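The values are calculated or read from the model by the stated rules, or taken from the named source; none is laboratory data. The model shown is predicted, which means the values in this text are computed figures rather than measured ones. Here Cβ is always computed from backbone atoms with ideal geometry, including for glycine, and neighbour counts include all displayed protein chains.
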Ligand SMILES: [Zn+2]
């Protein structure tokens, strides 16, 4: 991890003794590029450590829309796919990919160096295979690469790579999409710890929210009780400025605050063992009724008898995602 000191870009506004919140002035194009390239960090300065007490790199998710036309070869005309990933502080990559509508069977999914549109580059990182029933959908599930993944993959943020799918019908490439840095959704409070102090964490795995079909969204739940069932609650608003008519329930105040109203409920379960123990994910399609400028609010409710509520439930943080073009 770098410990070099960079110039101050923004002073963030404190809105409580331990909370900063607010909206900055619009980022310059250069700063926006730096943000999406993972080149900015946040630092907390205290009276005891005027040079900065703690700091952390801002790591936006990366994503790719996979399309047949992007291969510039004969390719799957009706196929589409979504790849989303997060890059850990140790350089590891946690990712998920799902494709629908393809002809044939998936053979390989990779990340390639991107020499330019319609040009083929070397494979930089082979990904785990997509599996699914005949006709699809096909998905990798949650997978991890690294931390010994090619260090140049830090450039995933910068558009220097593409993701592609090879199938039995189109071995040269059925679907392809440029990998890009996404906009980080806002994390909202409300989570609480359950058994063993595990506090479920909900993260967006990439891709600006889209309205065009099939418009897959990907979220990752981690640090939850291994093997526990959970519900992903999805709320939706199109009203400005702040979201949904949020109704606190369950805990009512402080930790364990459920902020969701008339949501869509998507059931899931966390893995019981292995690398993905305590993790679960959802790939879900476009939300009907949403419009550009609206907000999606997501929060997970995990079955866990060790939480502070009267019910055997604990909650993740919430995520607000602005719907973009
Ligand atoms: Zn490939």
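Odds and ends about this structure:
- Within the range 170-189, being surrounded by 22 or more Cβ atoms within 10 Å (Cβ to Cβ), at pLDDT below 90 and not in a strand (DSSP E or B) holds for 179, 182, 185.
- Verdict on residue 89 being more than 15 Å from the ligand (Cβ to nearest atom), within 17 Å of the chain's Cα centre (by Cα) and not in a loop (DSSP other than H, G, I, E, B): no
- Conditions (1) touching a helix residue (DSSP H, G or I) at 6+ places or on another chain (Cβ under 8 Å); (2) farther than 30 Å from residue 124 by Cα: number failed by residue 18: (1)
- With respect to being surrounded by fewer than 20 Cβ atoms within 10 Å (Cβ to Cβ), more than 12 Å from the ligand (Cβ to nearest atom) and either part of a strand (DSSP E or B) or at pLDDT 90 or above (or both), residue 133 falls outside the description.
- Yes/no for residue 157 being assigned to a helix (DSSP H, G or I), buried (at least 20 other Cβ atoms within 10 Å of the Cβ) and either away from the ligand (no atom under 16 Å from the Cβ) or modelled with pLDDT of 90 or more (or both): yes
- Within the range 28-71, the set of residues being in contact with a helix residue (DSSP H, G or I) (Cβ under 6 Å, 6 or more places away or on another chain) and closer than 19 Å to residue 116 by Cα comprises 37, 62.
- Looking across the range 100-110 at every residue that is more than 8 Å from the ligand (Cβ to nearest atom) and assigned to a strand (DSSP E or B), the one that is modelled with the lowest pLDDT is identified as 100.
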